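Below is one structure, written out as structure tokens, with a few remarks after it.
The values are calculated or read from the model by the stated rules, or taken from the named source; none is laboratory data. Given the structure is predicted, the values throughout are model-derived calculations rather than measurements. Heads up, the Cβs are rebuilt from the backbone with ideal geometry, glycines too, and the neighbour counts pull from every protein chain shown.
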Amino acid sequence: MEDFNPITMFAILRESLGPWLWGLLLIALVLVVGVVSAAMKLRSARRSPKHPIIAAALAGGVATAIFFMLVPGWTMATHAALNGPVDYLAAILIAFIPGGGIAAMVFSMASWRCARRTTAVCDKSMA
Amino acid sequence: MNSPLPWQHGPLATDGWVEAEKATLRHPRYANVFAVGDIAGVPRGKTAASVKWQVPVVVDNLVAETSGKEPLATYNGYTSCPMVTAYGKAMLIEFDYNGNLTPSFPFISPLDELWVSWLIEEKGLKGAYRAMLRGLA
């Protein structure tokens, strides 16, 4: 297990995913930049992050649940193959990758929208 | 079953395998000859997973041998046998010369039929072996 350090894992991922890895890393970078800039925009607009966080959590949860249903099929198996807690945990963690991405995207979009608004649902000031 | 030609009948081989001490993987008659993988006449180790653990041992021992020192690095017979038991299920069995289970992942029970073992077999091993061949894993 100690052999699976981050450098080794990255090498294995690079060999497994090929050029797709760089595309996924680029998407992840865009999402991180989006979340950070959206959070900063919210902060500068003195808006509460509550509603964007709730929206992101809901969207991320639903997306993770949907991808959880799809993950076994990605390995040419069915849900009947899940045979123990470690199987369910692995499937949930894999499903959380796209789910987390969707949550980040929703948080960014909702935050920008809230930051632009002056009234309505996002008008709770941080102060 | 024998090792691949042309080693089977060469001067280094006995019974179709290149002779090798179990632990050091050194040839018992030729001190500067070592064997790994499919040709090695050891009880286990005809898998890529074994080679991953054999090569560092042989490298260390070759360096020691060429430096005039005693080769001390040892290989414990580790081998891995992902056994597919059904569509979507596998057992990730790893063991040493003595048949002791030596799981790489403590959270994966080697004797349970698990989807996560199938996942590793189906999606992970090819990349792992390719990374290994490039010296990155």
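Observations
- Residue satisfying all of: in segment A:31-48; surrounded by 13 or more Cβ atoms within 10 Å (Cβ to Cβ) and within 17 Å of the chain's Cα centre (by Cα); nearest to A:G99 (Cα to Cα) among these: A:L31
- Residue match in segment A:42-51 (condition: in contact with a strand residue (DSSP E or B) (Cβ under 6 Å, 6 or more places away or on another chain) and at pLDDT below 90): yes
- Checklist (1) touching a residue at least 12 places away in the same chain (Cβ under 8 Å); (2) touching a Phe, Trp or Tyr at 6+ places or on another chain (Cβ under 6 Å) applied to B:D112, failing item: (2)
- Residue in segment A:41-52 that is out of contact with any Leu (no Cβ under 6 Å at 6 or more places or on another chain) and free of Cβ contacts under 8 Å to residues at least 60 places away in the same chain present: no
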